[in-house]
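We did not get these values from a lab; they are worked out from the coordinates using the rules stated. Just so you know, these numbers come straight off a predicted model, no measurement behind them. Here the Cβ positions follow ideal geometry from the backbone for every residue, glycine too, while neighbour counts run over all protein chains shown.
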Amino acid sequence: MSSGEISNWSSALRIYGHPRVLGMLSLGFSAGLPLLLILGTLSFWLREAGIDRATIGHLSWIGLAYSFKWLWSPLVDRMPLPVLTRLLGRRRAWLLLSQIVITIALVGMAFTDPLLNLTQLVFFALAVAFASATQDIALDAYRIEAVAIELQGAMAATYQAGYRIAMILASAGVLWIAAAIDLSEATYEHLPWQIAYLVMACSMMVGIITTLIIREPNVPYNHHISQNEKIALQAVAKWNLPPRINRSFAWLYSALIAPFRDFIVHHGQQALLILALIAVYRISDVVMGVMSNPFYVDMGYTKDEVATISKVYGVIMTIAGAAIGGVLTAKIGIMRTLFLGAILSAATNLLFVWLAGQGHDISGLIFTISADNLSAGIASSAFIAYLSGLTNSAYSATQYALFSSVMLLLPKFIAGFSGQFVDAYGYESFFIATAILGLPVLVLVWLAGQAKFNKISQ
């Protein structure tokens, strides 16, 4: 390797020392904590409580709240919150409100036994999901607005690192706490899960404190928004409505219509291709992930084994993959890293087919989890950087919410039937099917890369 190449790689690695990049670590923690508490970890809790796989699969639709967050993202982008916005700014105000709601809802989950009142548990889980999705809207906008596009890969990597550290706590931490209190693995008790979820609720203080410390990003969005409002005012002026109603229509246009119109006008004929890629890029991982914890339970792995291997060691590998993805994005570009991540994500699902035939095999679990999580980290960093580069800073919250909603809608919907698929065909066929789902992604990444290259060449 030449000295020039060493210098280039050194420069690529130095992006992780940027203050804004480092700051995303704790913000990523705040975003990552709630997710598994209403999905993966919750499915482990429900399965141990004796809830059937089909019901667990259907309850994964709670995560669809993340897929519809574009519906209220314009409010997060534009609507000020009484007192909070004046004191904290528009991004931090929404962050703080959502974090408080998450904390309260987690306490509600902790005090609800699914065997006695599954409906109430679902209600609190939905509250966590909607508040967490709102937090994501504001946080994604902050991340996009905080630095230039050249640093988005590194921002995504440190965000993923904090996110995955929180997932260790929300998965392995919960399992360890529950296992330490649970006197017998053979029988189900609510108390261990209650205490574990109360600890998770207290852990949201990391996000709350961080929100109170960080500063609002300074981005030039007001002029663009005001121009859109002027255009809308001129259009509705012909209707001869009262001025206050005219201004309301102008605000609605700027908040609800202008962000989506801006995306379509900017990308033209490629808009549908981009949305198609976003819709399926993570499909193999998301669909497979719903049944991973029930798979561990059914294969005879204990809470301690799953916590140590899947939820700690595996998450560490994801963080490593995210760091590699951030460097690769800076070094070889976003589209090439996207393609690599898509190949690895689909291929590593096949390792679970092998693991299903091994039975209770700790070494096999370590190997499978390592490869799967490393590939997921690479894919996630590249994908977040790709989505960030598509947004206009004038509408960062709304547009990114649209992209991330499209990303989860189809995978989450299909994942809802995963339990029924496993009941009918078994785990091995299910894991093969999830790998096949990843094949169209490769074609879409290639087409999107060609379209981007052609646009740059023109």
Between residue 354 and residue 68, 0.36 nm times their residue separation minus their Cα-Cα distance comes to what? 99.4 nm
Testing the spin-label approximation: label points 7 Å from Cα along Cα→Cβ at residue 304 and residue 205. State their distance in nm. 2.9 nm
What spacing in nm lies between the two simple spin-label points modelled at residue 86 and residue 55, each 7 Å away from Cα in the Cβ direction? 4.9 nm
Just subtract the alpha-carbon distance of residue 420 and residue 212 from 0.36 nm times their residue separation and send over the number in nm, one decimal. 70.4 nm
For the stretch 298-425, whose charge dipole is built from +1 on Lys and Arg Cβ atoms and -1 on Asp and Glu Cβ atoms, the candidate among 354, 411, 389 with its Cα farthest towards the positive end is 389
Vicinal HN-Hα couplings computed from phi for the stretch 122-127 (Karplus, 6.51 cos²θ - 1.76 cosθ + 1.60; Hz; Gly/Pro x): 4, 4, 5, 5, 5, 4
Regarding the stretch 16-457, what are the three Cα extents along the principal axes, ordered largest first, in Å? 71, 49, 43
Using the Cα atoms as the points, what is the convex hull volume per residue of the stretch 249-332 in Å³? 182 Å³
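For residue 117 and residue 331, what is the calculated FRET efficiency with R₀ set at 60 Å and r taken between the beta-carbons, to the nearest 0.05?
0.70
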Averaged across orientations, what area in nm² does the convex hull of the alpha carbons in the stretch 102-183 project? 6.6 nm²
For the pair residue 442 and residue 190, the simple spin-label estimate (label points 7 Å beyond Cα toward Cβ) gives in nm 5.0 nm
When the Karplus curve 6.51 cos²θ - 1.76 cosθ + 1.60 is applied with θ = phi - 60°, which whole-Hz ³J(HN,Hα) does each residue of the stretch 97-106 get, with x for Gly and Pro? 4, 5, 5, 5, 5, 4, 4, 5, 5, 5
Quick calc, the stretch 282-356, dipole around Cα centre from Cβ unit charges on Lys, Arg (+) and Asp, Glu (-), nearest 20 debye, gives 340 debye
Report the gain in length on full extension from residue 75 to residue 413: 0.36 nm times residue separation, minus Cα-Cα distance, nm rounded to one decimal. 119.1 nm
